[in-house]
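The structure under discussion appears below in the form of C-alpha cells.
No value in this document is a laboratory result; all are computed from the given coordinates. Just so we're clear, the structure is a prediction, and the values are computed from it rather than from any experiment. Glycine also receives a Cβ, built like all others from the backbone with ideal geometry; neighbour counts cover every protein chain displayed.
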Amino acid sequence: MSSPEDVDLLPAATAAEPFDVTNAALMSDEEVLDLAQRFYVDAAEMCRTGMTLGGYRIPKSDSPDQIIIKYFNLLKRYIEPKRRRVWYSREFECPAEHQIGLRRLAKLIEKGQDINPHQSKRLRKPQSKDSLLNDWGVHHFHLGNNLTTDGFAERTGPLLFARVDPIDVYFLTVGDHNDFSRQELVRMLHGNWPEVILPYRLHGILGGPTPWTDSDIKTLRAIGRTSMLQMPDGTIYMGPGGGYSTDGTSTDVVGRRNEIVRLCRHLAGLVRDHVHLLKAECEKKGTRFDPPYQFRLYVINGMAYAWEERHDAVLNLSTPISLPSMSIPDFGHPITRPRADRD
C-alpha cells in the first residue's frame, strides 16, 4: 500500500470551487459524520505519535478523547525551547544561596535552551494537571544547578514563580510550595505588567466587601471551582490561566480538543464536497471509484490530506487549513520528556 507521499495529488480542494450537487449521492450525511469520527481517531493517533516520539508512553487502551486531552494538557505545560526575554518584578526576591541557579535558569531562557527539566517531575505524566498554571497562568521552577540521573534539575525548596509567554518570561518572585494559591502572584502581574493579563480583566463588576483569602483559593481549586480575584485597586480578574473544568482539566485544553472536533467535521465536509474530483480522476485512468470509501487523515508539513486507501487516491484538503488559535502543525508536534541522557 502506498502512502500519501507516493501518490499523485489532485489540486487543492477549496471552498471557492463550485459544489457539485451530485456529491450528495456520492456521500450521505451519515457517511460524512462517520468520516469526521474516523478523522478524529486519526488526529488522536497523530497526537499519540507526538508524545511517543518525545519519550512518553501512552496506553493502547486510551480512547481518542483521552489521547487528545493528554496531548494538549502536556502541550500547555511543556515550554517550547526558544529565545525569550526575561523581566523581573519590582518585588522580586531570591535567597542568596539560589542566586547562581536563578542566573543559570535566566541564561537558559535567553539562549533558547530547554528549561523543562526545571519544572515539576509531574511533567513526566501527560495526564497530570497543574492547578497554578491552569488557574493563573503561572509556572514554577526548581533552581538546582545540575541535572540528576532522571533528567530533571536538582529539586529545591524555594521555587521561581514566573509567567511564560511566547516572547517574554516574567519573573515574579521566589517562594515555596505553600505559595501556589498566594494571590500576591497575580497582584505582581497586575502591578508590573497589567497588559499581559488584560484579556482576563472583568469590566463592570464590583468586588465584594470580603475578597477570597489564599486559603479560600486553595479550597475552591480542590473542588473544581474557579474564582475571581480582586486587586487592591478594585480591578477584578477571572483566572489569568484560562480556568479549569470541575475535574481540574484546563479549559484551554478542553477548548483545543473541541477545535479538533470542529476541524475534523470541516475536513470531512470538504471531502464530501470534492469527492467528485477523485471519482473523475480515477475514471480517467479507467478505474471505478465506488463505495465503501476508506478515507484516512494525514498531515504532512502542515497540509491536510484525505487518503482513500481502497483506490490509492489522495485529496489535498488545505493550503493550509487552520482554525482560530489552532493550526494543523500542532497535530503530532513532538513533546520531549526530560530524561537522563540529555545535558
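I need two numbers for region 49-121: Rg to one decimal and Dmax as a whole number, Cα atoms only, in Å.
16.6, 49
Which of the three applies to region 81-175, rounded, prolate or oblate, going by the alpha-carbon gyration tensor with a ≥ b ≥ c and a/c under 1.5 meaning rounded?
It comes out rounded by the Cα gyration axes.
Just to verify a number: FRET efficiency for Ser63 and Ala96, C-beta to C-beta distance, R0 = 35 Å, to 0.05?
The value I calculate is 0.10.
Given a 10 angstrom Cα cut-off, can you work out which residue in Glu259, Glu281, Glu93 is the most mobile in a GNM of the chain?
Glu281
Residues with amide H under 5 Å of Asn145's amide H, sequence separation 5 or more or different chain, H placed in the peptide plane at 1.01 Å from N; which?
Excluding prolines and chain starts, which carry no amide H, the hits are Glu154.
If I model a spin label as a point 7 Å beyond the Cα along the Cα-Cβ vector, how far apart are those points for Arg104 and Lys125 in nm?
My value for the distance between the label points is 2.7 nm.
Using helices alone, I'd like the mean residue ellipticity at 222 nm for the chain: each DSSP H run of four-plus residues gives -39500 (n - 2.57), total over residue count, nearest 500.
That calculation yields -11000 deg cm²/dmol at 222 nm.
May I ask you to list the trypsin sites (Lys or Arg not before Pro) in region 122-204 that are in a DSSP loop and have at most 14 other Cβ atoms within 10 Å of their Cβ?
In loop regions of region 122-204 (DSSP not H, G, I, E or B), the sparsely surrounded trypsin sites (Lys or Arg not before Pro) are Arg155.
For the pair Asp176 and Leu220, what calculated FRET efficiency results from E = 1/(1 + (r/R0)^6), where r is the Cβ-Cβ distance and R0 = 25 Å, to the nearest 0.05?
That gives a FRET efficiency of 0.75.
Using every alpha carbon pair in the chain, what percent of pairs falls into each 20 Å bin from 0 up to the bin containing the largest distance?
Once binned at 20 Å, the Cα pair distances of the chain give 27, 47, 23, 3.
List the aspartates and glutamates whose alpha-carbon lies under 16 Å from that of Lys284, not counting same-chain residues fewer than 8 positions away?
Asp8, Asp312
Holding the Cα-Cα limit at 23 Å, pick out from Lys107/Lys218; Lys60/Lys125; Lys76/Lys125 the pairs that are longer than that.
Flagged as over cut-off: Lys107/Lys218.
Which of Cys282, Cys264 has the fewest other C-beta atoms within 10 Å, and how do the rest follow up to the most?
Cys282, Cys264
Taking only Cα atoms of region 112-256, what ratio of Rg to Rh do you get with Rh as the Kirkwood inverse-distance radius?
Result: Rg/Rh = 0.97.
If you build the Cα gyration tensor of region 176-322 and take the root of 5 times each eigenvalue, what three semi-axes come out, in whole angstrom, biggest first?
So the three semi-axes of region 176-322 are 53, 15, 12 Å.
Apply 1/(1 + (r/R0)^6) to the Cβ-Cβ distance of Leu206 and Met238, taking R0 = 25 Å, and write down the FRET efficiency to the nearest 0.05.
0.95
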